[in-house]
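Below is one structure, written out as structure tokens; the observations come after it.
The values are calculated or read from the model by the stated rules, or taken from the named source; none is laboratory data. All of these numbers come straight from a predicted model, not from anything done at the bench. Here the Cβ positions follow ideal geometry from the backbone for every residue, glycine too, while neighbour counts run over all protein chains shown. What goes into the accessible areas is simple: the full protein's heavy atoms, side chains included, and nothing from ligands, DNA or RNA. Shrake-Rupley method; radii C 1.70, N 1.55, O 1.52, S 1.80 Å.
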Amino acid sequence: PAGHPNPCKGVPKAKEHKRDRWVEPTELPALAKAIDAEADPYARACLWLYLLTGCRKSELLNAKWTDVNKARSVLRLPDTKAGRPHEVPLVPAALAIFDALPRQEGNPFVFPGQRKADSAEPTHLERIRGPWDRARTAAGVADVRLHDLRRTVGSWLATAGNSLHLIGKILNHSNASTTQV
């Protein structure tokens, strides 16, 4: 507002540091064991699917059973950060996870959440941080963030010789420079 000085004037901007952390192949066995030890079947499945699909957290947590197309081996995400629908290819291991996951009657979400006491509306799992923190701590990779699993998928695809264009398509990046990171 006019007449009030900007309190941030003269304060230098914090330098941004791009993360380049992903799960190394040598770290995967311990992480797999830790994820498999998660008691909640929905949280366990969600963590595995992050690693098998490279989906963004919100996109996966919002997935509905109608988005899973087993015949075509894709997860169709209708509402993505990129602002367009996106079809995520599902490898056989991901399809097996969907097959084994129990459905909650009356709830269309793949990862059902706790209904609020004042609402009859079905909800999806909102937070996965607790299960993720347990898994990464048990695996000895406490510095790996949940989003780093997405980066891991891209790194593994690049290591396997896939083009940046294909990796960007799989991860639904809008900008090629994001894929290059």
(1) at pLDDT below 95; (2) farther than 24 Å from ILE170 by Cα; (3) assigned to a helix (DSSP H, G or I) all hold for ALA30 apart from (1)
Mind telling me which of the residues CYS46, CYS8 ends up being in a helix (DSSP H, G or I) and either at pLDDT 90 or above or open to solvent by 70 Å² or more (accessible area, probe 1.4 Å) (or both)? CYS46
Residue selected from segment 133-153 under the condition at pLDDT 95 or above and open to solvent by less than 10 Å² (accessible area, probe 1.4 Å), by the criterion farthest from ALA43 (Cα to Cα): VAL141
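Every residue, every condition in (1) open to solvent by less than 30 Å² (accessible area, probe 1.4 Å); (2) modelled with pLDDT of 90 or more; (3) within 24 Å of ALA39 (Cα to Cα), yes or no:
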{"site": "ARG72", "(1), (2), (3)": "no, yes, no"}
{"site": "ARG76", "(1), (2), (3)": "no, yes, no"}
{"site": "PRO92", "(1), (2), (3)": "no, yes, yes"}
{"site": "GLU121", "(1), (2), (3)": "no, no, no"}
{"site": "PRO131", "(1), (2), (3)": "yes, yes, yes"}
LYS169 - would you say it is surrounded by 13 or more Cβ atoms within 10 Å (Cβ to Cβ), at pLDDT below 85 and either aromatic (Phe, Trp, Tyr) or part of a helix (DSSP H, G or I) (or both)? yes
Restricting attention to segment 67-113, the residues that are closer than 21 Å to ASP40 by Cβ and either out of contact with any strand residue (DSSP E or B) (no Cβ under 6 Å at 6 or more places or on another chain) or part of a strand (DSSP E or B) (or both) number exactly 18
